[in-house]
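Written below as structure tokens is the structure these notes are about.
The values are calculated or read from the model by the stated rules, or taken from the named source; none is laboratory data. Keep in mind that this is a model prediction, so the values were computed, not measured. Virtual Cβ from ideal backbone geometry, glycine too; neighbours counted across all protein chains shown.
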Amino acid sequence: MWGHIALFIIKYRQWLLGLIAIFTVTMAWFAKDVEMTYDFAQVVSPKDPDMVYFQQFKKTFGEDGNILVLGMQDSSVYQLGKFNQLHQLTDTLAKVEGVSGVLGIPRLIQIEKDTVDSKFVTSPIFKKAPRSQRELDSLMRVVNNIEFYKGQIIAPRSGATLLAVTLDPKYLNSNRRQAVMNNILGHAERFEKNTGIKMHYAGLPYVRSTMTSKVAGEMKFFAMLVVVVMGFTLFMFFRTWSAVVFPLLVVVCVMICCVGSIVLLGYKINLLTGLIPSILVVIGVPNCTYLLSRYHYDYRKSGNQILAMTRVIRKIGLITLMNNLTTAIGFVVFTFTDIAILYQFGMVATINIFIAFAISFIMIPAVFTYLPPPTEKQLEHLDSKPLLGIIHFLDHVVLHRRGTVYLAALGLLVIAGIGIRKIEAVSYMVDDLPKSSTVNTDLEFFQSHFSGVMPLEFVVDTGKPKGLLKLPNLQKIDQFENFLRAQPELSPPISMVTFIKAATQAFYNGEPDFYRLPNNDDKNFILSYLANSQGGATTNVPDSTKTTMAQGTAGASMNKLLNSFVDKNSQKARISLKIADIGSHKLDTLVARRIEPAMERIFAKSGMTVRRTGTTVIFTKGNEYVIGTLRESLMWAFGLVAVVVLLLFRSVRTIFYALIPNIFTLALTAGIMGYFGIALKPATALIFVIALGIDGDNSIHLLAKFRQEMAMAGRTVTEAITNTMVEAGTSMIYTSIVLFLGFSIFAFSEFGGTKALGVLMGASLLITNFSNLVLLPTLLVTFEHGKGEKIPGNAPIRHYDDSYHEEDDDIDQNLQRLSVEQTKVKTV
């Protein structure tokens, strides 16, 4: 069959190249509309109880991860001129499209007691910009007396202050997000330039967009550098620019198709699908390198350009397809999950792996049968003394030092086992960025002055409607909040309780000492004022903005303030905090060892329950989900690879030969992760899937060649191993060197994920050469018996072996056939 495919490709190569060009241009047209997504919640299964609860939380209380924070620490901001510029900045930011609310000192509100109607009302503290320093100082005394804002808007110890900009959720996960961010940051930078006040930025919208854009920018730079390095390496091997340009052109076409397919499938680029172009380099380059090296090898034997390419396709077509299939298996298993980000990753990767196979197996034969045949100089790489020296050395080790190989492999596994024990599965909201980056330094500013900006939520369920109207329940919540306030990693909480405390302070004319819950003496008066305040509208209330005192706008009504903290039945209360980016391990420790015991102690026998939630919780759980799913998928991938090997070779023993090198490579790669302190997270866990693909390709490639050699009459295991090492080993070494040099560049990145990609990919490429060119042949020599074992007649690999039995006749027959075909091609 593959002989007919080869002849078809050569005969209709003009049409096929044209179709590839049209297909690539079409996919490029779709690719221009690609968007990035910042929705990290999709890494958790929608059926997960925590995710279900988080979605219910957002429906009840609103978003928690849509705030961009601008901070400053400069006493001059409290001087009239610069304060009024800050006032102008807050008003300007409030008008930016995509911004639903801005809170800062100039837009703070206060609760006041209306003795006429016996209710509380809200009003802006700064009704207009102050006209004198004396007026500003007077208003600032009012601000500083409101206990609610301490630690929220103003840092009590340092005087640092912040602006909280709430983004419209409609803009958060769309391509309009970056435009909104740029607009906001542009206004802030002009304020910084005009006043000389240093601005700091944080919050999930800022962190995610900045981190994504920085990593994407560097990845583009490194991708271009990788292309240059790979191109240079290919030229050094093949000594012809055609062997550089067209393999890289294949990779470019596949990358364009990858981005186009993301758009056609209705997906967006996320933290996983963004890695697929790099993965496709691992697929495209080996395909092209195998084809070209075998083409040169067969051309030197036959002296006929078209016959050599036809024979190459016939001999390695099915094997390469199976190699690509085993690689695809590592990704297709992700489509069995209900985690959106993994499903999309698996679907896009699987489709484009086969696109890469199709493009490489059409473009390379079509182009290189058009080009002049390789010259003697271009074929010199087949006789490269350094390369042949390596091959002969490995062959000697395999045949005569098998004990040494097994001892070395066992020793490496023991060392790797120690490294594996050092691996930590830890994730941060701000990950990968270098410590010296502005994002990290700004984050340290907010963690130092405001205990962080990452959202953490607790929901207290009283168990009964209107349970929050009972003073003992409020006192329990207050006790829990006092505990949370004492934790250094957490900001002061905001809740219905803190709001009632602020109302009590207002009832006593703003005296800070009365920032407390009502007691038995005054609760009837204060609660009646609160009851009368429900639904009361005041001026300047935006209709579409659901706001809180920490995220609100001036003049917001009392019921709108309460709606963000209390459900409609007054049964559940939200406690909102900010937490430092302490990592998933420390967060779990904080919750399990400190917060949960306190919750059990405080709410024991009260009938009330407390549950944590929020974007930070979902993010950390999402990493656990992805890593856990990757582990399961890897096991499934091993099983499916075994099935492919069994179908291809019809030999159970061959499964053993194929999987042992894979397991060895993955174990050593994991050990390197531990020794280099590379944390296990989605981006690094994917390395194992990629390594499985590379190692599986090499194993099947070498096993197929070995079986072909064994099928020849009178061929012994040692002879088959030697011939296999010379022919198949050359291609494997070429491919490994090209990919190693290319991906090693990423090790010099400033970003943790990119650096890990370079280190682990480079390591796995070196390890796979040992596992497949030393360990695998050693296993074959040890366990094969030199009897020229025949492959069952129904095995797909069978017809390759038959072609080797009659190679001389095959040359003559195909020369005559191809001459006829060539004549037909010329007359078309």
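A single entry from I579, I595 fulfils the requirement of being among the hydrophobic types (A, V, I, L, M, F, W, C) and in contact with a Ser or Thr (Cβ under 7 Å, 6 or more places away or on another chain): I579.
One residue stands out in the range 587-621 among those that are charged (D, E, K, R) and without any contact (Cβ under 8 Å) to a residue 12 or more places away in the chain: the one that is surrounded by the most Cβ atoms within 10 Å (Cβ to Cβ), namely E596. Residues that are within 24 Å of E63 (Cβ to Cβ) and of a type in the set (G, A, S) were ranked within the range 187-209; the one that is surrounded by the most Cβ atoms within 10 Å (Cβ to Cβ) is A202. Scan the range 656-710 for residues that are in contact with a Ser or Thr (Cβ under 7 Å, 6 or more places away or on another chain), under 25 Å from T782 (Cβ atoms) and either surrounded by fewer than 22 Cβ atoms within 10 Å (Cβ to Cβ) or of a type outside the set (A, V, I, L, M, F, W, C) (or both) and jot them down. P661, N662, T665, T669, D695, G696, D697, N698, K705, E709 - these are the residues of the range 656-710 that are in contact with a Ser or Thr (Cβ under 7 Å, 6 or more places away or on another chain), under 25 Å from T782 (Cβ atoms) and either surrounded by fewer than 22 Cβ atoms within 10 Å (Cβ to Cβ) or of a type outside the set (A, V, I, L, M, F, W, C) (or both).
Taking the condition modelled with pLDDT of 75 or more and over 30 Å from K113 (Cα atoms), does T629 pass?
Numbers: modelled with pLDDT of 75 or more: no; over 30 Å from K113 (Cα atoms): yes.
So T629 does not fit the description; no.
For the range 737-787, residues that are modelled with pLDDT under 75, over 19 Å from K435 (Cβ atoms) and small (G, A, S) total 2.
Close Cβ contacts (under 8 Å, 6 or more residues apart or on different chains) running from residues in the range 339-362 that are over 15 Å from S278 (Cα atoms) to residues that are among the β-branched types (V, I, T) and surrounded by fewer than 20 Cβ atoms within 10 Å (Cβ to Cβ) comprise Y343/T335; Y343/T337; M347/T335; I359/I20; I362/I20.
Checking each residue in the range 704-743 for being touching a Phe, Trp or Tyr at 6+ places or on another chain (Cβ under 6 Å), assigned to a helix (DSSP H, G or I) and among the aliphatic types (A, V, I, L, M) picks out only A720. Each residue in the range 262-302 was checked for being assigned to a helix (DSSP H, G or I) and over 24 Å from T754 (Cα atoms), and 18 pass. Within the range 114-142, restricting attention to residues that are under 19 Å from I197 (Cβ atoms) and not small (G, A, S), the residue that is surrounded by the most Cβ atoms within 10 Å (Cβ to Cβ) is F126. Being at pLDDT below 75 and of a type outside the set (S, T, N, Q) is the filter; apply it to the range 21-43 and report the residue that is nearest to V626 (Cα to Cα). The selected residue is V43.
Those residues that are more than 15 Å from I353 (Cα to Cα) and either among the polar types (S, T, N, Q) or free of Cβ contacts under 8 Å to residues at least 40 places away in the same chain (or both), I need them from the range 281-315; list them, please.
Of the residues in the range 281-315, the ones more than 15 Å from I353 (Cα to Cα) are 289-315.
Within the range 281-315, T289, S293, D298, K301, S302, G303, N304, Q305, A308, T310 meet the criteria.
Look at the range 52-68: where a residue is surrounded by fewer than 18 Cβ atoms within 10 Å (Cβ to Cβ) and a partner is modelled with pLDDT under 85, sitting 6+ places away or on another chain with Cβ atoms under 7 Å, you get G62/K546; G62/S564. Within the range 260-295, the set of residues being in contact with a Phe, Trp or Tyr (Cβ under 6 Å, 6 or more places away or on another chain), of a type in the set (A, V, I, L, M, F, W, C) and either modelled with pLDDT under 75 or surrounded by 24 or more Cβ atoms within 10 Å (Cβ to Cβ) (or both) comprises just one member, L272.
Based on what the data block shows, is V252 surrounded by fewer than 21 Cβ atoms within 10 Å (Cβ to Cβ), outside any loop (DSSP other than H, G, I, E, B) and among the hydrophobic types (A, V, I, L, M, F, W, C)? Against the criterion (surrounded by fewer than 21 Cβ atoms within 10 Å (Cβ to Cβ), outside any loop (DSSP other than H, G, I, E, B) and among the hydrophobic types (A, V, I, L, M, F, W, C)), V252 qualifies.
Among residues of the range 131-148 that are over 14 Å from P106 (Cβ atoms), those with a Cβ under 8 angstrom from a residue that is among the small types (G, A, S) and part of a helix (DSSP H, G or I), sequence gap 6+ or separate chain, pair up as I146/A502; E147/A502; F148/A502. From the list S651, S584, the one residue that fits, being closer than 20 Å to D64 by Cα, touching a residue at least 40 places away in the same chain (Cβ under 8 Å) and among the small types (G, A, S), is S584. When the range 484-510 is examined, which residues are found to be at pLDDT 90 or above, more than 30 Å from L590 (Cβ to Cβ) and not in a helix (DSSP H, G or I)? Within the range 484-510, just Y508 meets the criteria.
So which of N473, N482 ends up being of a type in the set (S, T, N, Q), over 32 Å from the mean Cα position of the chain (by Cα) and surrounded by 15 or more Cβ atoms within 10 Å (Cβ to Cβ)?
Numbers: N482 fails: surrounded by 15 or more Cβ atoms within 10 Å (Cβ to Cβ).
N473 is the lone residue from the list that is of a type in the set (S, T, N, Q), over 32 Å from the mean Cα position of the chain (by Cα) and surrounded by 15 or more Cβ atoms within 10 Å (Cβ to Cβ).
Tell me the residue from F638, F688 that is under 22 Å from the mean Cα position of the chain (by Cα), at pLDDT 80 or above and not in a loop (DSSP other than H, G, I, E, B), please. So the residue among F638, F688 that is under 22 Å from the mean Cα position of the chain (by Cα), at pLDDT 80 or above and not in a loop (DSSP other than H, G, I, E, B) is F688. The residues listed here are I415, I391; of these, the one that is surrounded by fewer than 18 Cβ atoms within 10 Å (Cβ to Cβ), within 41 Å of the chain's Cα centre (by Cα) and assigned to a helix (DSSP H, G or I) is I415. The set of residues in the range 40-79 that are part of a strand (DSSP E or B) and out of contact with any helix residue (DSSP H, G or I) (no Cβ under 8 Å at 6 or more places or on another chain) contains only M72.
Once the range 69-95 is narrowed to residues that are touching a His at 6+ places or on another chain (Cβ under 9 Å) and surrounded by 18 or more Cβ atoms within 10 Å (Cβ to Cβ), the residue that is farthest from I184 (Cα to Cα) is M72.
Looking across the range 425-439 at every residue that is surrounded by fewer than 17 Cβ atoms within 10 Å (Cβ to Cβ) and farther than 26 Å from Y625 by Cβ, the one that is modelled with the lowest pLDDT is identified as P434. Of all residues in the range 1-20, one or more are within 30 Å of L307 (Cβ to Cβ) and in contact with a Cys (Cβ under 8 Å, 6 or more places away or on another chain).
Being surrounded by fewer than 16 Cβ atoms within 10 Å (Cβ to Cβ) and among the basic types (K, R) is the filter here; which residues of the range 485-516 pass it? Once the filter is applied, which keeps residues that are surrounded by fewer than 16 Cβ atoms within 10 Å (Cβ to Cβ) and among the basic types (K, R), the range 485-516 yields R485, R516. I111 falls short on exactly one of the conditions (1) buried (at least 17 other Cβ atoms within 10 Å of the Cβ); (2) under 16 Å from I184 (Cβ atoms), and that condition is (2).
With respect to (1) of a type in the set (A, V, I, L, M, F, W, C); (2) modelled with pLDDT of 90 or more; (3) farther than 30 Å from V207 by Cα; (4) buried (at least 18 other Cβ atoms within 10 Å of the Cβ), the lone exception for L162 is condition (3). Would you point out the residue of the range 468-486, among those that are without any contact (Cβ under 8 Å) to a residue 60 or more places away in the chain and among the basic types (K, R), that is nearest to P597 (Cα to Cα)? If we take residues in the range 468-486 being without any contact (Cβ under 8 Å) to a residue 60 or more places away in the chain and among the basic types (K, R), then R485 is nearest to P597 (Cα to Cα).
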